[in-house]
Amino acid sequence: MTAVNAATSRPENPIVCTVPFDEDGVRHGFLRLPYSRNDSAWGSVMIPIAVFRNGEGPTALLTGANHGDEYEGPAALQALTSELDPKQIRGRVIIVPFMNTPAFRAGTRTSPLDGGNLNRTFPGRPDGSPTEKIADYFDTVLAPMADFVLDFHSGGKTLDFVPFAAAHRLEAKMQEEACIAAMHAFNAPYSMVLLEIDNVGMFDTAVENHGKVFVSTELGGGGTATARSIGIARKGVRNFLIHAGILDAEPEFAPSVELDMPDGDCFVFSEDDGLIEPLADLGDEVEKGAAIARVWPVARTGQPAKIYHARRGGLLAARHFPGLVKTGDCLAVVAVRGAEITPEPARDG
Ligand SMILES: [Zn+2]
């Protein structure tokens, strides 16, 4: 039976954090989610969490593996949990390297427990499926504690991206400005003001609705990570904490190319099943109307390819990763290329 909070008459989220959030020092523990199943009647899903605190100050929440097959965030954040010195910080850093732990351990985008896509499940439910409970806990417990939230993504097994940090267009312009400043401080090789094709259910939207400063990333893809892409993540998270006024260190800045996705014309979707022949690669500049891929039929020989064209001019920022494509898959994303900028080494806080 689900416990109900007497004050709110809302069901209690059953997730328990095994370490305190408000004690100085370093605590390594778990978000323990009860999950009764065939091989463990009173078993739990154990989601690793690290809490670093040194006195009063802002709180940053850092998350990876919101999708289970994206690796830059998990690698950079797992490293940070053993490398961060609490004496170097002011305030608090909460690190959850493997947010959707069941998906991460299975190497899949969505959870093997319930099929849940965590980043389409927010705000979740305290009395729902395991993925819904995780979403509800982040929405009602962790996000409200934070001032700054950084959620790492990359393309997973099916997409590949030029490495960028991203902030969203928001109706609250002061909040949007703060998010864009934090994105610039992260200082990925590209900095994207992002239009989501469908922002319902996203962690991004939930955190932004709490009024927090939110930055997300897309740092590569293909279901793997590289020395370069993990290096971008490791540098970016340090820069982010310095920008938040939490980490006392010198930021490391290099030029970053601004990208913009102003509308749906950025996306090219396949209307065919077939074999992709790319006609442009990630980072290439393409003209409006330029051929960017052929999709060859595979059922028989001697059939012509369908040619797909860029619907606007710009930079090829994302592409379908596997060699085979299905109808409805996102084939490519063309972003508008802006100026190349290097942030000033000034900080907030
Ligand atoms: Zn993702």
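Details
- Spacing of the two label points (7 Å from each Cα toward its C-beta) at Ser82 and Ala290, in nm: 4.4
- Shape call, the range 296-343: gyration tensor on alpha carbons, a/c limit 1.5: prolate
- FRET efficiency, Thr301 to Arg337 (Cβ-Cβ, R0 30 Å, nearest 0.05): 0.15
- Net charge of neighbours whose Cβ lies under 12 Å from the Cβ of Thr18, counting Lys and Arg as +1 and Asp and Glu as -1: +2
- Net charge over other residues, Cβ less than 12 angstrom from the Cβ of Ala299 (K, R count +1; D, E count -1): -1
- Label separation (Asp24 vs Asn38): 5.1 nm, computed from points 7 Å beyond Cα along the C-beta direction.
- Highest mean packing first, where packing is the average number of other Cβ atoms within 10 Å per residue, the peptides 305-316, 72-83 line up as 72-83, 305-316.
- Accessible carbon and sulfur surface of the chain relative to its total accessible area, %, 1.4 Å: 51
- Lysine pairs meeting the criterion (Cα under 23 Å, 8 or more apart or interchain), as found in the chain: 7
- Using equal-weight Cα scatterers in the Debye expression, the normalised intensity of the chain in log10 at q = 0.10 Å⁻¹ is -0.62.
- Amide hydrogen neighbours beyond the local backbone of Val286, cut-off 5 Å, H modeled: Gly314, Leu315, Leu316
- Based on DSSP H segments of at least four residues, each scored -39500 (n - 2.57), the chain has a per-residue ellipticity at 222 nm of -5500 deg cm²/dmol.
- Across the range 140-149, coupling constants 3J(HN,Hα) worked out from phi with the 6.51/-1.76/1.60 Karplus curve, θ = phi - 60°, read 9, 10, 7, 4, x, 6, 9, 9, 10, 10 Hz, and Gly and Pro carry x.
- Extension reserve of the Arg105-Asn5 stretch, reckoned as 0.36 nm per residue once the Cα distance is removed: 32.8 nm
- Cut-off 15 Å between beta-carbons: net charge of the residues surrounding Leu331, Lys and Arg +1, Asp and Glu -1: -3
- Accessible area of the chain divided out per residue, in Å², using a probe of 1.4 angstrom: 44
- Between Asp248 and Ala181, the distance separating the two model label sites (each 7 Å from Cα on the Cα→Cβ line) works out to 2.2 nm.
- Of the peptides 132-138, 100-106, 335-341, 199-205, the ranking by mean beta-carbon count within 10 Å, highest at the top, reads 132-138, 100-106, 199-205, 335-341.
- Protection proxy ranking of 283-289, 214-220, by the mean of other Cβ atoms within 10 Å over each peptide's residues and highest first, is 214-220, 283-289.
- Positive-end residue of Leu113, Met145, Ser129, charge dipole of the range 93-249 with Cβ unit charges: Leu113
The values are calculated or read from the model by the stated rules, or taken from the named source; none is laboratory data. The structure displayed is predicted, hence computed values, not measured ones. All Cβ positions, even for glycine, are placed from backbone atoms using ideal geometry, and neighbour counts span all protein chains on display. With ligands, DNA and RNA removed, areas are computed over all heavy atoms of the protein, side chains included. Shrake-Rupley method; radii C 1.70, N 1.55, O 1.52, S 1.80 Å.
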